[in-house]
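Q: The structure that follows is given in the form of structure tokens.
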Amino acid sequence: MSKTFLPLRELKPGMRIAETILNDYGSIVISEGTILDDHMIKKLVNLKYGEVRVIERDQNFVVSEISESFNASYNSSVNSFKSVLYDAAIGKNINMEKVDKVVTSVVARLNEKRDIVRCINQIKSADQYTYTHCVNVSLLCMLLGKWMGFSKDKLLMLVQAGLLHDIGKSKVPREILNKPSTLTPEEYEEIKKHTIYGYRILEKEHEVDQEVRIAVLMHHEKIDGSGYPTGAKGDKINMMARVIAVADIYDAMTSNRVYREKESPFEVFHIMEEESVGKLDVAVVNAFLNNIAAYYIGDFAKLNTGEICEIVYINPRHVSRPIIKVDDRYIDLMEERELKILEIL
């Protein structure tokens, strides 16, 4: 293999970048060694790069369709977990073989972080939310666990807990789960029971570790004790539950729901920055924000003014307010507070 410069028109998915590519602001757009996909090639075209240095392979090299592979694996995981939730809803034992297969498939995607971030932000139908949400949370838990230095065994347990965190919703009436308007106090109390339902479902599964069951029970607890079902505080909350809480909020708020449209990732970052004191574990929030936001550098977004901007720099102190570029102007959103990122394009 050798390194060669190629014009953008000759780039193909599966080619590997030979040198780290920076934008005008000095932020990394694509790291050395990254395998290109259609999204990254489009990003380079938008940035108006003339040519890019890639690692050249021999003529027998088969282009790897990373995104297609990821999507196929993701859709398979969603369909498998759909049948797991159906079994739980009708009172059957959980098919732990299917659960373990999904967990293995998720962990196998550990090095495809960009695909994970992009997949989670894809627009999905609201009626599929319950299934896609569970798989998304397991993927986000995997990233968070890796960023926080979890051991391999703990990471597997965390991914399993993330996948199963909402299994108790299989016992909540569908008319409440899918209600397009505001829940009554009684309906909200029923929704809150899903953590207890989930714990009881998993109690019957001897293959599930007790720590996973506790994480499922406690993933809606808050650091200040304002959560449910027990009102536990601080360190009394299972660590995996604290990780799931952050993954759960991010995916829930960036997804379309029957009762509201999704928020932009940067609006959710802002909410997390505000709520990390008192509600969410600060260490988990910081690990999440400081790592995931970098995947949006080089992406284009729509502002509340209708203008299109490029995200060029993530402010590590205020991840939700990056520096952007509109035409030839650089704008620091920390200074231009009236500007907001509405959606990633």
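Q: Can you pull out the strands (runs of 3 or more DSSP E) entirely within the range 241-345 that have at least 1 residues that are on the phi < 0 side of the Ramachandran plot and touching an Asp or Glu at 6+ places or on another chain (Cβ under 6 Å)?
A: Where strands (runs of 3 or more DSSP E) fall fully within the range 241-345 and carry at least 1 residues being on the phi < 0 side of the Ramachandran plot and touching an Asp or Glu at 6+ places or on another chain (Cβ under 6 Å), they are 300-303, 308-313, 323-326, 341-344.
Q: Name the residues in the range 244-261 that are touching a residue at least 12 places away in the same chain (Cβ under 8 Å) and farther than 19 Å from A294 by Cβ, would you?
A: The answer is I244, A245, D248, I249, A252, M253, S255, N256, R257, V258, Y259.
Q: Within the range 119-134, how many residues turn out to be closer than 26 Å to F300 by Cα and either at pLDDT below 75 or hydrophobic (A, V, I, L, M, F, W, C) (or both)?
A: Residues meeting the conditions: 8.
Q: So, E221, is that one surrounded by fewer than 21 Cβ atoms within 10 Å (Cβ to Cβ) and either over 26 Å from K179 (Cβ atoms) or of a type outside the set (S, T, Y) (or both) or not?
A: Taking the combined requirement at face value, the residue does not satisfy it.
Q: Moving to a separate point now. Give me the residue from the range 7-31 that is more than 16 Å from D115 (Cβ to Cβ) and under 23 Å from the mean Cα position of the chain (by Cα) and, out of that set, surrounded by the fewest Cβ atoms within 10 Å (Cβ to Cβ).
A: Checked the range 7-31; the qualifying residue surrounded by the fewest Cβ atoms within 10 Å (Cβ to Cβ) is I28.
Q: I've got another one for you. Among the residues of the range 124-131, is there at least one that is of a type in the set (D, E) and either closer than 20 Å to V84 by Cβ or touching a strand residue (DSSP E or B) at 6+ places or on another chain (Cβ under 6 Å) (or both)?
A: Checking the range 124-131: at least one residue is of a type in the set (D, E) and either closer than 20 Å to V84 by Cβ or touching a strand residue (DSSP E or B) at 6+ places or on another chain (Cβ under 6 Å) (or both).
Q: For Y197, are the conditions met, namely being over 19 Å from M157 (Cα atoms) and either in contact (Cβ under 8 Å) with a residue 12 or more places away in the chain or surrounded by 24 or more Cβ atoms within 10 Å (Cβ to Cβ) (or both)?
A: yes
Quick grid of which residues meet (1) among the acidic types (D, E); (2) in contact (Cβ under 8 Å) with a residue 40 or more places away in the chain; (3) under 27 Å from V326 (Cα atoms):
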residue	(1), (2), (3)
L8	no, yes, yes
L11	no, yes, yes
M15	no, yes, no
A18	no, no, no
N23	no, yes, yes
S31	no, no, yes
I35	no, no, no
H39	no, yes, yes
K42	no, no, yes
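The values are calculated or read from the model by the stated rules, or taken from the named source; none is laboratory data. Treat the numbers as computed from the prediction; the structure is a model and nothing was measured. Every residue, glycine among them, receives a Cβ derived from its backbone with ideal geometry; neighbour counts consider all protein chains shown.
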